[in-house]
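Only one structure is covered here, and it is reproduced in the block below.
The values are calculated or read from the model by the stated rules, or taken from the named source; none is laboratory data. These numbers come from a predicted model, not from an experiment. Quick reminder, even Gly has a Cβ in these numbers, built from the backbone with ideal geometry, and neighbours come from all protein chains shown.
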Amino acid sequence: MKPIHSLLLLLPLAVYISSCNTDSKASENKQADVIPVKIMTLDNNMQNGVITTSGQFTTDDEAMLSFKTGGVIERILVKEGDAVHKGQVLATLNLTEINAQVQQAQLAYEKAQRDYQRAVNLHNDSVATLEQLQNAKTGLDLAAQQLKAASFNRSYSEIRAPKDGYILRKLVNEGQVITSGTAVLQSNGAQSGNWLLRVGVSDKQWAAIQLNDEATIETAATEGQNFTGKVSRKSEGADAASGSFTVDIKLTGTKPNSVAAGMFGKATINVNGNTKTTQAGSWSIPYDALLDGDGSTGYVFVTNDRKTAKKIKVSVAGIEKDHVVINSGLEGAGALIISGSAYLTDNSPINVIQ
């Protein structure tokens, strides 16, 4: 009887020990699911009343220059980067065929003149009818218009600079056969100092920005030297490719000498008293915090309670030297997760590491 009695006494103890082991393993598993992360507080990172964005330098008068007629390129008189003046000849076609067409039109016009004069004389002698006279006059008018068109085409068989500026690109070479309208040169009017920075902004920033808002512009080419500008234009529609809105910032004051078309620049726009948007601003975040970025959008993890991670979509304004500029999506977020994001999913439990 004693062994049975002893077994009955040990059974509850075994159950208790097994229960403790199960609770311990569950606790260990629960702790293992908590991801250690590092965070960055966002409260002081938002710049109220200031919008930071980036874009490319350009002018509002870039043009693709081409010939009115097709043919063989005889000469290209400029190189990329050359300064040009309004009316300067930049390229010419071989005029052999074009001159022949003009000469044909000239001969046809002269024949039409003789035919018309003959019809006038015969009509005065009552030999030709009124219809024949009218037909001769119509033939003369047609020949005159054909000569005018041929002469016009010959005048546009050379390319002249539309204004003072620079040659940005040379797209063809001498000796090539081209068709009418084929781009030969790309030019702009930058020689007159009409530089502007074209940037992309979100819809919220677009609503906050007003014409003539002042901006500070900086580039990597002129490190340490900033330029001033004013908002000169706001697009009335979103870009189909990026989904952002375009804002042009015209440079004012001292014109930069080391700026080229297509060069990137960073602009800080001071938003003046727009009461419709109370939190126009931007955030600078580390590269590692941004996930699945596609140029204009991406995802980050944030936390408000320091216990749970939340995945949200953000709009990317630009990529700078050592950080990413976010212009929307972080409103109301308390802290940004900057380390450990690769192991997180939405609503993952986290442990904040100081």
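Could you say whether any residue in region 130-146 is farther than 18 Å from GLY81 by Cα and in contact (Cβ under 8 Å) with a residue 40 or more places away in the chain?
There is at least one residue in region 130-146 that is farther than 18 Å from GLY81 by Cα and in contact (Cβ under 8 Å) with a residue 40 or more places away in the chain.
Need a quick list: strands (runs of 3 or more DSSP E) entirely within region 109-224 having at least 1 residues that are farther than 30 Å from SER328 by Cα.
Result: 158-160, 165-170, 183-188.
How about region 265-311: which of its residues are of a type in the set (Phe, Trp, Tyr) and modelled with pLDDT under 85?
Scanning region 265-311 gives TRP283, TYR287.
Quick one: count up the residues across region 202-238 that are loosely packed, with under 13 Cβ neighbours inside 10 Å and of a type in the set (A, V, I, L, M, F, W, C).
2
Which of (1) of a type in the set (D, E, K, R); (2) part of a strand (DSSP E or B); (3) touching a Lys or Arg at 6+ places or on another chain (Cβ under 9 Å) is the odd one out, the single condition ASP346 does not satisfy?
Going through the list (1) of a type in the set (D, E, K, R); (2) part of a strand (DSSP E or B); (3) touching a Lys or Arg at 6+ places or on another chain (Cβ under 9 Å), ASP346 breaks only (2).
Could you please give the count of residues in region 79-120 that are in contact (Cβ under 8 Å) with a residue 60 or more places away in the chain, of a type outside the set (Lys, Arg) and more than 19 Å from SER155 (Cα to Cα)?
5
How many residues are hydrophobic (A, V, I, L, M, F, W, C) and part of a loop (DSSP other than H, G, I, E, B) when one looks only at region 58-79?
3
Among VAL314, VAL325, which is modelled with pLDDT under 80, under 31 Å from the mean Cα position of the chain (by Cα), within 13 Å of TRP283 (Cα to Cα) and assigned to a strand (DSSP E or B)?
VAL325
Of the numbered conditions (1) of a type in the set (D, E, K, R); (2) crowded, with 16+ Cβ neighbours inside 10 Å; (3) within 22 Å of the chain's Cα centre (by Cα), GLU158 fails exactly one; give the number of that condition.
It fails just one condition, (3).
Under the condition of being surrounded by fewer than 18 Cβ atoms within 10 Å (Cβ to Cβ) and at pLDDT below 80, which residue from region 239-256 is nearest to ASP294 (Cα to Cα)?
Across region 239-256, the extreme among qualifying residues is SER242.
Answer with yes or no whether ALA63 is small (Gly, Ala, Ser) and at pLDDT 90 or above.
Against the criterion (small (Gly, Ala, Ser) and at pLDDT 90 or above), ALA63 does not qualify.
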